[in-house]
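Structure first, then comments.
The values are calculated or read from the model by the stated rules, or taken from the named source; none is laboratory data. Bear in mind the structure is a predicted one, so any value in this text is a computation, not a measurement. Methodologically, a virtual Cβ is constructed for each residue, glycine included, from the backbone with ideal geometry; neighbour enumeration extends over all protein chains shown.
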């Protein structure tokens, strides 16, 4: 999972790099390992990128060195390739028509196969990032294509997996979404002369933009001084947005393919309370995904929902920390129970999911140490049993607690008094007004794209 953000403006007074900076800041939850911005200035592309959070990577002078009329940015949580500086996006390259910058959210599952074929044809790679494979394909097809959009149409015939891509070329700001719409992408506008492409609508809000629409599954969007052009590259008869956008990834103030993430989580909490009621004194949500779910659970159950867990806002998401040891340390310094709200009380603890179980187990223990009489665990998504190959760091089934343990064993290991999950039917109903269907392979093991044998 990563976040992408692109800006094009005809208004020369617009500071492109600054807009991208604030857009990435609003998408920081999607990736905390690195950040980068590339801006087109006439025939050249200047860029700045490094490991770290957005405000750590960019200072005022860095943005001042990035003038131009179009640019893209990226915040990264590595799902393909290591976290070395060479893998940080956007990737900038020179090709037959000039310079190009490209950044991606998602995972190209046949990238290793494509890399091998390209290397056999003489292509040299400088990173282990699958985005460089896309760049190599574009470069190859651009030689024989009259227009960049024709090169993109050739490229997508070869790649498999999930992707939301932003690019800048000598003419266009480009947005591209995979044919199943697994990864989100949307378009916004600022004051009539500036266009934005973003992973989430909340980042458009952050730069005072107006949401226009989502990029459709399989759609290529090209933006220049003439406005927006659109080309459908696939005949998309079905869609498979990652359900975890509504469960965990997206900000609650984002609208993803027609559905409010906040409302989806509140609805999940209500459904969970109907399916698995419990006698309790307080409902406490684990921030951030569990907070809205706890609100819905409390509403439906008529149980108070105090702020029972203090979240250290300066600590990043434990789930997307790069290794298990880092995740465990992050949990301990990230949360602390409010003892006066839990001491002597029966607590319903709401979490959005159990993946590895690190956060949940630690928090149940902390609540008991704070004096909770009972801790009943309710989960706002079904058991996470199967690996994700499309952009989430769960590509090994052995990492997943529910893949090898039943509900009773998980409850005992975590140390809760009871454990229940929302039903599959319940989580599918929660995103009201969604215009798309969902990828639920992490629950079912049924993948929307054939997974290579190497996985």
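In this structure, is residue 375 in a helix (DSSP H, G or I), surrounded by 20 or more Cβ atoms within 10 Å (Cβ to Cβ), modelled with pLDDT of 95 or more and touching a strand residue (DSSP E or B) at 6+ places or on another chain (Cβ under 7 Å)?
Working: in a helix (DSSP H, G or I): no; surrounded by 20 or more Cβ atoms within 10 Å (Cβ to Cβ): yes; modelled with pLDDT of 95 or more: yes; touching a strand residue (DSSP E or B) at 6+ places or on another chain (Cβ under 7 Å): yes.
In short, no.
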Exercise. Right, residue 151: at pLDDT 95 or above, closer than 21 Å to residue 392 by Cα and either under 20 Å from the mean Cα position of the chain (by Cα) or assigned to a helix (DSSP H, G or I) (or both) or not?
Worked result: no
Problem set entry | Qualifying position, being touching a helix residue (DSSP H, G or I) at 6+ places or on another chain (Cβ under 9 Å) and buried (at least 19 other Cβ atoms within 10 Å of the Cβ), among 215, 266 | 266
Exercise. Just wondering, is there one or more residues in region 107-119 that are modelled with pLDDT of 95 or more, within 23 Å of the chain's Cα centre (by Cα) and within 23 Å of residue 69 (Cα to Cα)?
Worked result: no
Exercise. Name the residues in region 405-455 that are over 26 Å from the mean Cα position of the chain (by Cα) and either outside the structural domain of residue 376 (by TED's automatic domain parsing) or part of a helix (DSSP H, G or I) (or both), would you?
Worked result: 407, 408, 409, 410, 411, 412, 413, 414
Exercise. Helices (runs of 4 or more DSSP H) wholly in region 245-346 with at least 3 residues that are over 30 Å from residue 177 (Cα atoms), modelled with pLDDT of 95 or more and not assigned by TED's automatic domain parsing to the domain that holds residue 378 - which ones?
Worked result: none
